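Contents: one structure, followed by commentary.
The values are calculated or read from the model by the stated rules, or taken from the named source; none is laboratory data. This is a predicted model, so every value here is computed, not measured. Cβ placement follows ideal geometry from the backbone for every residue including glycine, while neighbour counts extend to all protein chains displayed.
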Amino acid sequence: MKQQSSSVGNTSDSPLKCFEEIHNFLYANEGLSEQQVLEEIVKILFIKYDDEQAEENSFYVTENELHNNKNAFSERINKLFHKTRQKYGTFFDSEDRLKLSVQSLSFVVSKLQKIKFKNSAKDANGLAFQKFLGRHAKGGRGQFFTPDPVIDFCVEIIRPEPHEKIIDPACGTGGFLFSSLNFIKRNFKNTNLKNYVRNNIFGIEINKRISQIAKIKFLTETNADPNILCNNALTNINDLKFSEAQITTLENYYDIVLTNPPFGTQGKISQKELLSIYDLGYKWDKYGDDYVKSDKLLKGQVPEILFIERCLTLLKPGGRAGIVLPNGHFENTSLEYLRRYIKDKAHIVGVVLLPHETFIPYGTGVRASLLFLQKKNGNVINNNQVFFSKITKLGYAGNKNGTPVYKKDKHGEVIIKNGQKLADEDFTASVKDYNQFLQTFSIASEKSFSIDSGQMNSRFDYNYYFPENTRLIANLKKLNAVRLGDIADIVKTKSPLLKQNITVEYIELSDVYTKSFEIINSATLLTAELPSRASYELKTGDIITAVAGNSIGSRKHATAYVTHEFDGAICTNGFRVLRNFKINHFYLLYYFQCDLFLKQVLIHRTGAAIPALSDNDFSNILIYLPSQQDIDEIGLSIKKGFKLREEAKNELSKINLEININHITNCCD
């Protein structure tokens, strides 16, 4: 039966407005959550797309059905869903059904029946659906999403070509894949996009609902059925089969991998049969400067590390990858074996540091960077150049809404170019730097630089190799600066007081006033009430300085001198305690608020969630020692400051002025 003519749903509204009306109607009338509303819309879009491929169309509702024969309409649409569910079996469970009332179902169909996804002009309907998803598909704190500016930047760095096959093994709603498609559209205008999607775009997503969205996005925009597989990408690679693609094995198959693997809130993978598939599922032992895989299986491994190995397995020799990873994977000493593994398997092409607020609108404050790789192909490349860049402006605010931020002129007016507001972002400049780097194999701009890969040791992070930082360390060494661990004892053992049932003063990072090196507060607690981080006993004359927290290495870095008032107090393990100094300890106190110290902390601090400084790196911080006269003069000035402060406190404590309130009250009567 051909689709019958009907005035139902006639509207001049834009496709985006149509989608919004559907969403708002269902949300108001069905008692469904935001996520459930989206699920029902996606189901119906699958039905509509599948029906458009048939010679006779059944996706419609007539005026007569609306008023007199709703059951016939409902039965027809449910039959269509049954057919669609069978066709796209991997994306639906056998018990899936349409959960909408007949009234709501007829409203949705009436709105959608005038929209055509097949051969739609300029992809208007598909684009409308993309925008609609961008507004509403952020359920579950947005864990399935990567910010569009980050996605587009990665694609601009990788620069896919029409013949290259791309996979995202944790594709979510297909952000990287869609951006790659758009890149091909812009730069290779003669490409047959349907064939490109069918033959070159691949995605794997473990979450069924999210994989449905990825699938329908491609169907509605390109009218081509993409290779989206609903499965766990970490399973045995031989069990990963794309139904439409004639691929014997995915191993060494792809030219490009682009992905943001799950990290942050995920637990460890502990299934032995899964871990045993991976080299990185085993413990690695260090021998000298090298690491060797043992035969001891780990009790658990975080998924993103296994994803790194899977990405390298998917790539063909010479293939390229862009991966979003937590900063800890670039820095942490405990993950040195991982970085060595990566260097053994691939050439490091580039590292791009993202600002800490990048993922805050998407539900996590984890700090992350972008790692760009090229899988080794057997050809010897001696010390290739590595591109480093830093993004500080994202084009959106680091708040829960990700509010757009635009460039402004000197008068504070938003800059408009080609009718569009210009986003205030660094991605464009970084791409420009990278393109120059590709031409000259060298770059030295405000936020980008390059180094010889032979200079890279066990770390991959931007700050560690930033030229200003490396020059600082080199100059300190030339000036014969000494190791902190050589001029003071660093307390590393917990206080025996913690085992006694007594009352103590407890000091946290926030109890220090940074500008005056003072402890300004403490909590009086029984030892049984202390938090687990309570660790070190303080003595008069000690120096405490922070080694953990977001402020370390900044002007808010907490450092304090322990006066007699806090002798015997207990402090958090977020501090390190120094005593038994071999130099003037007041000079050292002064040094701890200088850029020479703070920049070294920034260089060495690690961690994706809470930055921290390892004991080894803390001990190795270099202390510049000027002439003894200068040391003594600085130390004396700091000491005088503490003495004057103590005298002022004593004077204030002596004041005991009693005022007769009655006298003041009655003096004017």
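The residue list Ile323, Ile360 contains one member that is in the same structural domain as Ser448 (by TED's automatic domain parsing) and within 22 Å of Lys268 (Cβ to Cβ), which is Ile323. Filter the stretch 13-62 down to the residues that are of a type in the set (A, V, I, L, M, F, W, C), more than 19 Å from Ser74 (Cα to Cα) and assigned to a helix (DSSP H, G or I) and list them by number. Listed by number, the residues that qualify are Leu16, Cys18, Phe19, Ala28, Leu38. Residue check: Asn573 meets all listed conditions (1) within 20 Å of Asn620 (Cβ to Cβ); (2) in contact with a Leu (Cβ under 8 Å, 6 or more places away or on another chain) but one, namely (2). Only one of the listed residues (Ile507, Ile520, Ile490) is free of Cβ contacts under 8 Å to residues at least 40 places away in the same chain and under 37 Å from the mean Cα position of the chain (by Cα). That residue is Ile520. Among the residues of the stretch 554-598, the one identified as small (Gly, Ala, Ser) and farther than 30 Å from Leu526 by Cβ is Ser554. If the condition is being within 33 Å of the chain's Cα centre (by Cα) and free of Cβ contacts under 8 Å to residues at least 60 places away in the same chain, then the stretch 23-32 contributes Asn24, Tyr27.
Evaluating Asn573 against the criteria (1) modelled with pLDDT of 95 or more; (2) surrounded by fewer than 22 Cβ atoms within 10 Å (Cβ to Cβ); (3) under 21 Å from Ile634 (Cβ atoms) leaves one unmet condition, (3). When the residues of the stretch 270-327 are narrowed to those that are of a type in the set (A, V, I, L, M) and without any contact (Cβ under 8 Å) to a residue 24 or more places away in the chain, which ends up surrounded by the fewest Cβ atoms within 10 Å (Cβ to Cβ)? Top of the filtered list is Val292. Taking the stretch 80-117 as the range and being in a helix (DSSP H, G or I) and without any contact (Cβ under 8 Å) to a residue 12 or more places away in the chain as the test, the residues that pass are His82, Arg85, Gln86, Gly89. Asp489 falls short of the stated requirement of being outside the structural domain of Lys640 (by TED's automatic domain parsing) and acidic (Asp, Glu).
For the stretch 396-433, the set of residues classified as out of contact with any Gly (no Cβ under 8 Å at 6 or more places or on another chain), closer than 18 Å to Leu353 by Cβ and modelled with pLDDT under 95 consists of Gly398 only.
Here Pro361 passes the criteria (1) modelled with pLDDT under 95; (2) under 30 Å from Asp285 (Cβ atoms) except the one numbered (2). Take the conditions at pLDDT 95 or above, at negative phi, part of a helix (DSSP H, G or I) and surrounded by fewer than 21 Cβ atoms within 10 Å (Cβ to Cβ) and apply them to Glu156. Does it pass? Yes; evaluated as a whole, the condition is true for this residue. Among the criteria (1) surrounded by fewer than 17 Cβ atoms within 10 Å (Cβ to Cβ); (2) under 26 Å from Ala608 (Cβ atoms); (3) outside the structural domain of Gly607 (by TED's automatic domain parsing), the one Leu472 does not fulfil is (1). None of Gly541, Gly553, Gly549 is on the phi > 0 side of the Ramachandran plot, surrounded by fewer than 20 Cβ atoms within 10 Å (Cβ to Cβ) and either of a type in the set (Val, Ile, Thr) or in contact (Cβ under 8 Å) with a residue 12 or more places away in the chain (or both) except Gly541.
So which residues in the stretch 400-441 are in contact (Cβ under 8 Å) with a residue 40 or more places away in the chain, loosely packed, with under 13 Cβ neighbours inside 10 Å and farther than 30 Å from Asp452 by Cβ? Those that are in contact (Cβ under 8 Å) with a residue 40 or more places away in the chain, loosely packed, with under 13 Cβ neighbours inside 10 Å and farther than 30 Å from Asp452 by Cβ: Lys400, Asn401.
The condition of being in the same structural domain as Asn332 (by TED's automatic domain parsing), crowded, with 17+ Cβ neighbours inside 10 Å and at pLDDT 90 or above holds for only one of Ser450, Ser445, that being Ser450. When Gly288, Gly264 are checked against the criterion of being under 15 Å from the mean Cα position of the chain (by Cα), at pLDDT below 95 and small (Gly, Ala, Ser), a single residue qualifies: Gly264. In the stretch 506-517 there is no residue matching the filter, namely being crowded, with 16+ Cβ neighbours inside 10 Å, assigned by TED's automatic domain parsing to the domain that holds Cys154 and among the charged types (D, E, K, R). Residue selection: Ile323 satisfies the criterion of being within 30 Å of Ala429 (Cα to Cα) and touching a Pro at 6+ places or on another chain (Cβ under 9 Å).
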